[in-house]
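K.L.:
One structure is given below, represented as C-alpha cells, and several questions about it will come after.
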Amino acid sequence: MNRILCVEDSQDTLLLLEEALAGHPLAFATTLREALSLVSRETFDLYLIDIELPDGTGFELLSALSEKAKAKPILFLTGRQDFSSKVSAFSLGADDFIVKPFDLKELRLRIESRLRKSKLRDEENTTFSFGNVIGSTQEQRIRKKSDGTSIDLTSLEFRIFRLLANAPNKIFTRDEILHRIWTDSISVSHRTVDVHVSNLRRKLAETGVTIETVIGTGYRIALDVPEVDLLAREGFKDELKGVTKSNLLS
C-alpha cells in the first residue's frame, strides 16, 4: 500500500483526511519539526503538506526534502489562495495545489491519480541520452558519459530534460512544457518554466549540453559547438545523428 505523509496542524482537517484517504496507510505531522524528523527516518509515496505550520512553512519542508523524496508526488493543501503562493509552490517542485475547503471525493481522486502515475514512472526502466549525458528514468538522475559523474536534478528538472532530450530538433513553447510537465498548468506561469529551465541549464554547464532560448518561441536542447568535435573524437557517433554544427548555430 502507498504510504502518505500528511503535514497539517488543524485537527479538524486531519480528521477529514483520515476519512478521505481511508484504506491508505497515513502518517501525520503537525509541525515542521515533526515532519522533518519523519522524513529523515522514513520514506513515503506521497506528501500532502499545509503551507502554514506553527513553527515554519510547508515551503521549508519541501526545500529540505531529499531529491529521492522530491521524485514522489507532492501536493500542497492550504487555505492560501494568492497567486504568489501557487507560484512559490510550483517553483519549488510541487505537483498540485489544493485550496481549502476541499471536496473529500475530489481530493481522494486527485491523490490516487498522482499515485498511479508515480507507480508507472517507478516501474519504467528506460534510459535516454543526448550528447555526453545519459539519463535513467528509474533512478530519476542523469550522468556524464565521459567520466560517469552524476548530476542531481529535481523531479521537475529531470522531466523537462527528458522531454527536450527525447526530441532534440524540436522547439518547445513554454505552454507545451507547462502542459506536458505540470498537470495543473492553469496555476503555473511561464516564469515558473523559465526558473526551472534556468536551474537546469546551470546544472548542465559542464556537460557540453545546453538549453537554447529561441526568442519569441521557447526552448530546445542543443550541444555546445566544441562538444560536437569532442564527441566525434571519443566515438559517440550515434549521439551526433541529426546534430550538426550548422543546425546548432541556426
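The values are calculated or read from the model by the stated rules, or taken from the named source; none is laboratory data. Computed from a predicted structure; not experimentally measured. As a convention, Cβ positions derive from the backbone with ideal geometry for all residues, glycine included, and neighbour counts pool all protein chains shown.
K.L.:
State which residue is farthest from residue 89 (Cα to Cα) when the search covers only the stretch 159-172 and only residues that are surrounded by 16 or more Cβ atoms within 10 Å (Cβ to Cβ), in contact (Cβ under 8 Å) with a residue 40 or more places away in the chain and out of contact with any Leu (no Cβ under 8 Å at 6 or more places or on another chain).
P.N.:
Ranking the candidates gives 168 first.
K.L.:
Let me ask you something else. I'd like to check something: does the stretch 174-187 contain any residue that is among the β-branched types (Val, Ile, Thr) and either touching a Gly at 6+ places or on another chain (Cβ under 8 Å) or modelled with pLDDT of 90 or more (or both)? Write out each step before concluding.
P.N.:
Let us first name the residues in the stretch 174-187 that are among the β-branched types (Val, Ile, Thr), namely 177, 181, 183, 186.
Checking which are either touching a Gly at 6+ places or on another chain (Cβ under 8 Å) or modelled with pLDDT of 90 or more (or both) leaves us with 177.
There is at least one residue in the stretch 174-187 that is among the β-branched types (Val, Ile, Thr) and either touching a Gly at 6+ places or on another chain (Cβ under 8 Å) or modelled with pLDDT of 90 or more (or both).
K.L.:
From 109, 61, 26, 14, grab the single residue that is touching a residue at least 24 places away in the same chain (Cβ under 8 Å) and of a type in the set (A, V, I, L, M). Working first, answer last.
P.N.:
Values: 109 fails: touching a residue at least 24 places away in the same chain (Cβ under 8 Å); 26 fails: touching a residue at least 24 places away in the same chain (Cβ under 8 Å); 14 fails: touching a residue at least 24 places away in the same chain (Cβ under 8 Å).
Of the residues listed, the single one that is touching a residue at least 24 places away in the same chain (Cβ under 8 Å) and of a type in the set (A, V, I, L, M) is 61.
K.L.:
Filter the stretch 80-107 for residues that are among the acidic types (Asp, Glu), surrounded by fewer than 12 Cβ atoms within 10 Å (Cβ to Cβ) and within 21 Å of residue 193 (Cα to Cα) and give the result. Spell out the reasoning first.
P.N.:
To start, the set of residues in the stretch 80-107 that are among the acidic types (Asp, Glu) comprises 82, 95-96, 103, 106.
From the residues that got through so far, the ones that are surrounded by fewer than 12 Cβ atoms within 10 Å (Cβ to Cβ) too are 82, 103, 106.
If the condition is that a residue be among the acidic types (Asp, Glu), surrounded by fewer than 12 Cβ atoms within 10 Å (Cβ to Cβ) and within 21 Å of residue 193 (Cα to Cα), then 82 is the only one that fits.
K.L.:
Restricting the stretch 150-173 to residues that are in a loop (DSSP other than H, G, I, E, B) and among the hydrophobic types (A, V, I, L, M, F, W, C), which is modelled with the highest pLDDT? Step through it out loud before you land on a result.
P.N.:
As a first pass, look at the stretch 150-173 and keep what is in a loop (DSSP other than H, G, I, E, B): 152-154, 166-171.
So of that shortlist, the ones also among the hydrophobic types (A, V, I, L, M, F, W, C) come out as 153, 167, 171.
Working: 153: 89, 167: 87, 171: 95.
Here the answer is 171.
K.L.:
While we're on this one: Take the residues in the stretch 56-69 that are touching a strand residue (DSSP E or B) at 6+ places or on another chain (Cβ under 9 Å) and closer than 25 Å to residue 137 by Cβ, then tell me which one is modelled with the lowest pLDDT.
P.N.:
The qualifying residue modelled with the lowest pLDDT is 67.
K.L.:
Having 2 or more residues that are over 27 Å from residue 157 (Cβ atoms) is the bar; report the helices (runs of 4 or more DSSP H) wholly within the stretch 7-96 that clear it. Outline the logic, then answer.
P.N.:
Numbers: elements: 11-20, 32-41, 58-64, 67-70, 83-92.
Of the helices (runs of 4 or more DSSP H) lying wholly inside the stretch 7-96, those with at least 2 residues that are over 27 Å from residue 157 (Cβ atoms) span 11-20, 32-41.
K.L.:
Residue by residue through the stretch 108-149, note down the ones that are part of a helix (DSSP H, G or I), modelled with pLDDT of 90 or more and either exposed (fewer than 12 other Cβ atoms within 10 Å of the Cβ) or not basic (Lys, Arg) (or both).
P.N.:
Quick first cut of the stretch 108-149, residues part of a helix (DSSP H, G or I) only: 108-123.
Subset that is modelled with pLDDT of 90 or more: 108-115.
Within the stretch 108-149, 109, 111, 112, 113, 115 qualify.
K.L.:
Further question: Could you check, for the stretch 202-216, whether at least one of its residues is closer than 29 Å to residue 86 by Cα, modelled with pLDDT of 90 or more and part of a helix (DSSP H, G or I)?
P.N.:
For the stretch 202-216, residues closer than 29 Å to residue 86 by Cα, modelled with pLDDT of 90 or more and part of a helix (DSSP H, G or I): present.
K.L.:
Further question: For the stretch 148-160, check the following and say yes or no: at least one residue is among the acidic types (Asp, Glu) and in the same structural domain as residue 15 (by TED's automatic domain parsing).
P.N.:
Checking the stretch 148-160: not a single residue is among the acidic types (Asp, Glu) and in the same structural domain as residue 15 (by TED's automatic domain parsing).
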